[in-house]
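Each remark here refers to the structure printed beneath this line.
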Amino acid sequence: MHIVDGALANEVVIGGAALAAGGIALGLRRLPLEKIPAAGVLSASFFVASLIHVPIGPSSVHLIMNGLAGLILGWAAFPALFVGLLLQAVFFGFGGLTVLGVNTVNIALPAVIVYYVCRRGVTRGTPLVAAIWAGFGGALAIALTTALVGLSLMLSGDAFIPAAKLVFFAHIPVMVIEGLLSAAAIYLAAQVKPDLFDAMKGAPS
Amino acid sequence: MGHILTAERQTLNDTGAGHGGALARLDPRARILGACAFAMVTVACSWMPVLVAALLLAAGLMWLSRVPVAPTLRRMAAMDSFIIFLLALLPFSVPGDAIFTLWGFAASWQGLALAVEILLTANAVVLALLSLVGTMEPVTLGHALSRLRVPDTLVHLLMFTIRYIDVLRAEYLRLRQAMKMRGFRPATNWHSYRSFGYLVGMMLVRAIERSERVLGAMKCRGFAGRIPLLETLAYGRSDVLFAAGLGAALLALSAAEIAHAAV
């Protein structure tokens with residue numbers, strides 16, 4: 001969900017940029033150079049995942065998977081998702097330049113929240129328990145992202161309020177799909193490679 | 001977005017850097033800063049003629065950078081469906097003088113003006129960004145950002161992401177092909193969603209395993225916790241000219257906006 005330049009109020013743009021800078025700084029502090037290859041390759045895979053279109057009825061949606069990114073990367077999801085958004089803006093013209101901060105917060109903050117809410121449930125217990133928590137996390141991340149997008153718009157002007165509400169309800173199917181996909185992805189990963197979640201571990205916090 | 005990646009730009013490593021054009025010879029830092037300045041000025045302006053002028057200026061930059069016109073314009077115009085929806089709703093949600101009524105809802109001129117304003121701003125910024133920075137080789141973008149004092153960790157993360165997007169995309173396409181061979185046809189059902197989920201999970205597992213091999217290879221070559229960035233960038237006379245020209249144009253836009261606001 002990329003907001004474009006010119007739609008938001010200056011205060012929202014500046015606030016978003018400041019929050020994003022803070023989140024990225026925190027993420028980078030938890031990212032020693034040893035972990036850069038893992039973070040970079042994961043960042044690239046979430047970029048590729050956003051190219052996947054999943055059918056929903058006659059239409060299709062593209063994946064965001066920020067919940068999954070949060071579960072695996074933790075705070076490092078902030079710089080990793082920022083890099084993805086930067087590349088999308090610069091090379092594909094998605095979103096915009098001044099709104100990069102707001103867009104980063106809208107995608108990455110839910111990822112970090114999901115990390116704190118669901119990480120424990122995903123790493124402990126059987127693959128089935130992990131999958132249920134991951135499904136909840138995947139859906140929660142999209143719900144929070146949509147809510148944050150709505151909030152950025154509402155703070156920018158009352159004229160956006162009806163649209164923001166409609167956008168939230170229109171994304172409920174997307175939440176379900178992302179939840180299902182996240183659950184299946186973690187169910188597989190927990191069986192094939194249980195130490196997937198240790199990829200970012202060992203980083204000083 | 002997939003269609004955009006496949007249609008014109010096969011890989012991120014092979015980009016429009018070889019296009020030539022007057023902009024390609026400029027210092028990447030000048031182009032990045034120019035795009036940022038352009039975005040800030042354009043977003044700050046709201047008078048319609050100024051925004052049209054900004055869009056024309058961006059079109060001029062596109063002409064200078066010699067990017068293929070049709071695909072660039074298509075990329076510029078592409079927006080998320082929710083933004084299009086949002087803009088379409090604006091005439092109805094902003095109160096003002098009515099143009100027409102649809103099912104009891106009045107569309108206002110003020111709302112339409114706001115929607116057009118956002119459209120002009122968004123397209124001008126994206127067009128300038130695609131022309132100035134999008135024509136760069138992604139790796140050059142990393143080097144330039146590093147010279148612009150962006151933290152090294154972030155630059156390294158960017159470089160790794162750029163390097164592995166194509167690799168992982170190829171892996172994704174291989175997995176999709178294998179699924180297709182086994183008769184998978186995406187539809188709206190539980191089986192499809194589970195299969196897509198497994199696909200994402202498998203991609204993540206393979207990505208982590210690849211990153212372990214990458215780190216091993218780096219250590220084998222004496223990786224000591226620092227990646228040298230070798231590119232030397234020189235700020236030359238043409239860069240000064242470019243900065244002066246773009247700066248003057250942006251100043252003129254701001255002056256027009258301020259003069260209009262003062263009236």
B:SER211: more than 12 Å from chain A (Cβ to nearest Cβ) and of a type in the set (S, T, N, Q), yes or no?
no
Quick one: A:HIS62 ticks every box in (1) farther than 23 Å from B:PHE196 by Cα; (2) at the interface with another protein chain (Cβ under 7 Å from one of its Cβ atoms); (3) surrounded by fewer than 24 Cβ atoms within 10 Å (Cβ to Cβ); (4) not basic (Lys, Arg) except a single one, so which number is it?
(1)
When (1) within 28 Å of B:MET76 (Cα to Cα); (2) without any contact (Cβ under 8 Å) to a residue 40 or more places away in the chain; (3) more than 7 Å from chain B (Cβ to nearest Cβ) are applied to A:ALA49, the one that fails is (3)
List the residue pairs whose Cβ atoms are under 8 Å apart, where the first residue sits in region A:133-152 and is under 13 Å from A:LEU71 (Cα atoms), the second is charged (D, E, K, R) and assigned to a helix (DSSP H, G or I), and the two are 6 or more positions apart or on different chains.
A:GLY138/A:GLU178; A:ALA139/A:GLU178; A:ALA141/A:GLU178
Please go through region B:71-111 and give me each residue that is crowded, with 17+ Cβ neighbours inside 10 Å, touching a strand residue (DSSP E or B) at 6+ places or on another chain (Cβ under 7 Å) and in a helix (DSSP H, G or I), ordered by number.
B:PRO91, B:PHE92
Restricting to region A:89-118, name every residue that is under 18 Å from A:THR145 (Cα atoms), part of a helix (DSSP H, G or I) and either basic (Lys, Arg) or facing chain B (nearest Cβ under 7 Å) (or both).
none
Those residues of region B:84-98 which are without any contact (Cβ under 8 Å) to a residue 24 or more places away in the chain and closer than 26 Å to A:ASP5 by Cβ, in sequence order
B:ILE84, B:PHE85, B:LEU86, B:LEU89, B:PHE92, B:SER93, B:VAL94, B:PRO95, B:GLY96
Given (1) modelled with pLDDT of 90 or more; (2) in a helix (DSSP H, G or I); (3) not basic (Lys, Arg), number of the condition A:ILE64 does not satisfy:
(2)
Name, by its number, the condition in (1) without any contact (Cβ under 8 Å) to a residue 60 or more places away in the chain; (2) in contact with a Gly (Cβ under 7 Å, 6 or more places away or on another chain) that does not hold for A:TYR116.
(2)
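The values are calculated or read from the model by the stated rules, or taken from the named source; none is laboratory data. Given the structure is predicted, the values throughout are model-derived calculations rather than measurements. Note: ideal-geometry Cβ built from the backbone for every residue, glycine included; neighbour counts use all protein chains shown.
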